[in-house]
Amino acid sequence: MSRTHPDTAAVLGQTRAMLASCHRRVGRSALAAYLCVGLHQALVGLTVLAGACLLLRLAGHVVGWIPDVGGTVFSLLCVAVGVIPPAASVLRGLGRLPSLSAAAERLDLATQNHNRIATAMYLLTADTDSPFAQAAVQDGLERLRFLKDEEPRLIQAVWSWRRNAALMAGFAVMTAIAAIVGPPARFGKPGREGFAGVPEGRATPGPIEGKDRTTTQPVNQTKPTSRPAPQATLRRSGQMRASGRPAGREPGETTIGQASGGSQTHAGESRQGAGSQGDATDSASGMQSEKKAKNTVGKANPPKTGPTLSKASPAKAEEASSVSQGSGGGGAMLAVHNAWSQEAHTAPDEHEQEDADRDVEDQKESSTQRGGIQPSLKDRNEAPSRELGISEGQGPPGSGRGGPTPPKKSRGTASLVLGVPVPDFVRGRLAPGATKVTHERVRPSAMPGEPARSGESAARSLPENPDTRKPVPSPFARLVRDYLIALHTAGATGAGNVPSTNGTASEQK
Amino acid sequence: VRIKNVKQTTESSAAISDAQVQAERFREVFTRLKREIHKVFVGHDELVTNVLSVLLSDGHVLLEGVPGLGKTLLVRTLSQTLDLTFSRIQFTPDLMPSDIVGTMVLHEKDGGGHELRFQEGPIVANFILADEINRATPKTQSALLEAMQERTVSVSRRTIRLPEPFIVLATQNPIEQDGTYPLPEAQLDRFMVKLLVGYPQEGEYHDILQRTTETALPSVETVSNGEEVLAMRKIVRSVAVSEQVRRYAIRLMMATQPGSPHAPRAVQRSVALGSSPRGAQGLLLMGKVRALIGGRFAVSCQDLRDVAKPVLRHRIIFNFEGQSERINVDDLLDGVLESVGELSE
């Protein structure tokens with residue numbers, strides 16, 4: 001408790017009593033502010049709800065199978081959205097009512113009182129007994145006696161009539177439109193609360209409806225239509241062009257359990273490798289394998305694979321198709337079609353081509369090595385083997401099994417010592433091979449020729465300096481002067497922009 | 001208990017009346033000082049109030065203004081009214097630290113022989129007028145650092161305690177910046193306020209001409225002394241501060257610091273360095289003097305707002321964006337004062 005005043009409790013009680021009216025007003029204004037916030041939130045929620053209802057109805061009319069919100073549900077939702085936010089906001093406000101000190105601060109602020117009352121409140125409860133604190137408490141209480149009936153600075157409620165009216169109008173308009181539009185025509189069994197259920201017996205809309213839709217299963221009806229990936233479509237079209245019918249299927253053959261539309265081809269591709277026909281009853285595994293097949297096809301095939309395959313003969317197309325049918329566990333066969341794996345078998349001169357490419361690249365590199373000063377940073381020759389195997393030159397080259405190996409690279413300080421033979425590994429240098437530097441002791445001897453004569457040194461012209469600076473031509477001098485005046489004027493007046501002299505310069509010219 | 005209560009009430013009444021007497025005495029001396037200064041120094045009432053406030057808050061003043069506005073006159077007159085020692089140091093580029101703090105000088109003894117004696121520099125005085133402080137090199141400017149903060153001067157192994165009250169009043173010229181050395185931040189921060197001296201009003205020119213160009217020149221009387229100034233400093237520190245006002249001072253200071261949650265957008269964008277805690281100290285001390293002048297016993301938020309610009313303006317360093325946009329620091333502080341509310345909740 002405070003030592004500021006001898007009877008602090010009594011003084012505090014008096015202060016609270018004097019501030020009670022102010023405290024109530026501030027509290028009411030705080031609650032009003034919270035209520036306004038809650039009402040605004042409710043209006044926003046109602047507008048969103050009406051918009052969602054309207055969208056659902058419109059979508060239901062267009063698609064025909066989206067559930068509709070009935071009038072009762074809508075009314076209940078409206079009541080909930082309209083009541084809960086304001087109530088929650090008011091409850092929050094009740095939990096955060098301004099304190100007595102806050103009321104004192106607001107009274108000080110409204111009356112331009114130099115915080116006397118709030119300071120007195122603080123010093124009454126603070127642990128201080130200085131004479132100035134006691135004087136400040138007395139001063140504040142005297143002020144409070146005069147100002148207790150004054151209106152404090154109330155908490156301003158944030159309420160925009162314009163914005164909230166717009167929200168209300170939006171709610172009303174959207175509700176009216178939703179009522180005019182009405183619920184969509186109901187198919188099949190309607191829901192209990194006005195939801196229109198999914199109609200029975202209606203086929204799943206899909207892009208391809210033809211002979212493949214001879215047998216349909218309910219499992220596939222709930223699955224939205226899945227479009228084939230563009231690459232797979234491309235492949236399929238190529239296969240269709242090549243064979244005149246879907247790959248791996250006889251004309252008129254119906255596969256049980258295969259989905260209608262574009263997904264059937266992928267399912268077939270992924271399942272044929274596994275030797276299964278895609279069990280229709282196992283819908284989950286069918287979906288998974290379908291997704292897997294889609295991903296595999298999309299990743300493995302480069303974009304140009306499709307056209308390549310489409311140009312191949314029907315037999316090759318079948319072969320490629322069989323190669324790509326291994327995802328379901330088809331033994332040692334590749335899981336997906338890989339053009340590179342095909343090329344590996346069909347291109348026997350691949351190594352020659354690679355060697356030629358390397359030679360070309362090496363030539364390019366040697367041209368960028370600054371004439372051999374800079375060593376090749378991309379030496380592709382494999383490191384020479386350090387093993388001393390003896391096979392009399394019969395082993396494979398560079399394998400360390402006695403075959404011919406390139407000269408070993410010299411490393412360390414030995415290579416820096418002059419006179420030590422250093423194998424030349426720098427590419428692009430003329431006459432590569434071992435080099436040797438020899439030192440020769442030679443006595444200095446006079447060279448034949450005329451002795452140098454001294455002559456008179458003439459004053460040479462110095463480079464330009466302030467003394468020898470050439471005068472600026474008069475038009476340019478005026479231009480420079482104008483620029484400097486403008487610069488200093490701008491600096492003195494505080495203007496940030498220095499006028500450009502471009503226009504003046506062009507005029508001068 | 002009743003007797004105890006009565007005793008406490010009596011003590012309390014005595015303490016309150018004592019505080020009222022002290023505050024009344026403070027106001028009286030302050031008013032007399034201002035009146036005497038205004039005998040010579042015409043106009044600039046707010047400037048004089050601020051200089052006296054700094055003197056009584058135990059701080060230092062940086063005066064900035066063009067030549068001829070009476071900065072030196074103000075300082076000299078203040079020292080005369082208080083009967084305190086006064087030193088004027090003209091800062092030049094070749095001024096050395098030893099010229100300020102003093103040095104060892106070779107003296108001839110009476111009986112023959114020589115000895116080294118310490119010769120005090122001009123800084124050993126109550127009032128130091130550091131004229132055109134930005135003309136000296138940073139090395140020399142830094143000679144004032146210890147004196148301003150610690151009230152001592154160290155020369156070789158000797159530490160000299162400066163006389164109390166001690167106050168440095170430095171002046172600098174906002175123009176003719178060529179060949180000057182801007183004060184480093186550490187030095188600037190030690191000045192409690194930076195006061196701008198502007199041109200007088202038209203009516204004030206009449207008084208200036210009348211007082212300075214006629215035969216009878218105004219004379220200043222001594223109205224106080226060093227002891228009284230020290231006593232007034234104690235009174236200033238006794239003024240109460242509430243939690244709300246202290247929080248307001250802290251938020252004001254933090255609002256000048258980029259990165260602080262209280263800083264407005266302009267500060268975040270264009271300020272590189274904000275106020276240090278010395279800024280908040282200066283705000284409260286200067287606010288306490290304002291409260292006493294206003295006849296109150298506790299500082300208010302309005303007191304802090306009144307002194308915010310002098311206390312904070314030299315503690316704000318602009319970044320490149322702020323400098324390139326030529327933002328006025330006082331305009332920026334107006335925005336800061338607007339953005340910081342004084343309500344606790």
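The values are calculated or read from the model by the stated rules, or taken from the named source; none is laboratory data. What you see is a predicted model; the values in this text were computed from it and never measured. Neighbour counts are summed over all protein chains in view; Cβ atoms, including those assigned to glycine, are modelled from backbone coordinates with ideal geometry. We work out accessible area using only protein heavy atoms, side chains counted, and drop any ligands, DNA or RNA first. Shrake-Rupley method; radii C 1.70, N 1.55, O 1.52, S 1.80 Å.
Calculate log10 I(q)/I(0) of region B:276-345 for q = 0.18 Å⁻¹, where I(q) comes from the Debye formula with a single equal point scatterer on each Cα and nothing for solvent.
Log10 I(q)/I(0), no solvent term: -0.75.
Need one value: the accessible area of A:Glu151 in square angstrom, 1.4 angstrom probe, rounded to the nearest 10.
Its accessible surface works out to 90 Å², give or take rounding.
Mind checking region B:134-190 for GluC sites (Glu not before Pro) that DSSP puts in a loop (not H, G, I, E or B) and that have at most 14 other Cβ atoms within 10 Å?
Here the sparse-neighbourhood loop sites are B:Glu176.
Can you give me the solvent accessible area of B:Lys139 with a 1.4 Å probe, rounded to the nearest 10 Å²?
Looks like 130 Å² after rounding.
Expected output is a single nm value to one decimal: the length gained when fully extending between B:Ser154 and B:Leu116, i.e. 0.36 nm times separation in residues minus the C-alpha distance. What is it?
12.0 nm
Starting at the first residue of region A:35-42, write each ³J(HN,Hα) from the Karplus equation 6.51 cos²θ - 1.76 cosθ + 1.60 with θ = phi - 60°, in whole Hz, x for Gly and Pro.
With the stated coefficients, region A:35-42 comes to 4, 4, 4, x, 5, 4, 4, 5 Hz.
Given the convex hull over the Cα atoms of region B:229-334, what projected area results after averaging over all orientations, in nm²?
Average of the hull's projected areas for region B:229-334 equals 6.8 nm².
Ordered by residue, what ³J(HN,Hα) values in Hz, to whole numbers, does region B:338-344 give under the Karplus form 6.51 cos²θ - 1.76 cosθ + 1.60, where θ = phi - 60° and Gly and Pro are x?
Computed from phi, the couplings for region B:338-344 are 6, 7, 8, x, 8, 6, 6 Hz.
Give the long-range amide H neighbours of B:Ser87: residues separated by 5 or more places, or on another chain, with amide H under 5 Å away, using H modelled in the peptide plane at 1.01 Å from N.
Here B:Phe127, B:Ile128, B:Leu129 satisfy the definition.
Past the 24 Å Cα-Cα mark, which pairs from B:Lys34/B:Lys194; B:Lys34/B:Lys288; B:Lys194/B:Lys288; B:Lys139/B:Lys288; B:Lys71/B:Lys194?
From B:Lys34/B:Lys194; B:Lys34/B:Lys288; B:Lys194/B:Lys288; B:Lys139/B:Lys288; B:Lys71/B:Lys194, over 24 Å: B:Lys139/B:Lys288.
Amide H of B:Ile160: which non-local residues (sequence gap of 5 or more, or other chain) have their own amide H closer than 5 Å, using H built in the peptide plane?
B:Val153, B:Ser154, B:Val155
Please list, in order along region B:253-264, the HN-Hα scalar couplings obtained from phi with the Karplus expression 6.51 cos²θ - 1.76 cosθ + 1.60 (θ = phi - 60°), rounded to whole Hz, x for Gly and Pro.
Result, rounded to whole Hz: 5, 5, 5, 8, 9, x, x, 7, x, 8, 6, x.
From the square roots a ≥ b ≥ c of the eigenvalues of the alpha-carbon gyration tensor of region B:1-114, which class results: rounded (a/c under 1.5), prolate (a/b over b/c), or oblate?
oblate
List, by residue number, every residue in region B:294-318 with a reduction of 20 Å² or greater in accessible area between the chain on its own and the complete protein assembly, 1.4 Å probe.
When all protein chains are present, B:Arg296, B:Phe297, B:Ala298, B:Ser300, B:Gln302 each give up 20 Å² or more of accessible surface.
Which order do B:Ile175, B:Ile293 take by accessible area at a 1.4 Å probe, largest first?
Reading off the accessible areas and sorting them downward yields B:Ile175, B:Ile293.
Extending each Cα 7 Å along its Cβ direction at B:Glu338 and A:Ala356, get the distance between those two points in nm, one decimal.
My value for the distance between the label points is 7.7 nm.
B:Met232 accessible area, nearest 10 Å², 1.4 Å probe?
10 Å²
Can you list the residues, at least 5 places off or on another chain, whose amide H is less than 5 Å from the amide H of B:Leu63, using H built in the peptide plane?
B:Ala170, B:Thr171, B:Gln172, B:Leu195
Would you calculate, for chain B, the mean residue ellipticity at 222 nm contributed by helices, counting each DSSP H stretch of 4 or more residues as -39,500 (n - 2.57) and dividing by all residues, to the nearest 500?
Value at 222 nm, helices only, nearest 500: -15500 deg cm²/dmol.
Need one number: buried accessible surface between chains B and A, 1.4 Å probe, both sides summed, DNA, RNA and ligands left out, in Å² to 100.
For chain B against chain A, roughly 2400 Å² becomes buried.
Evaluate Rg over Rh across region B:152-224, taking Cα atoms for both radii and Kirkwood's formula for Rh.
1.10
Comparing the chain by itself with all protein chains present, which residues of region A:110-147 are at least 40 Å² less accessible (probe 1.4 Å)?
Listed by number, the residues meeting the 40 Å² cut-off are A:His114, A:Asn115, A:Thr119, A:Tyr122, A:Pro131, A:Phe132, A:Gln134, A:Ala135, A:Gln138.
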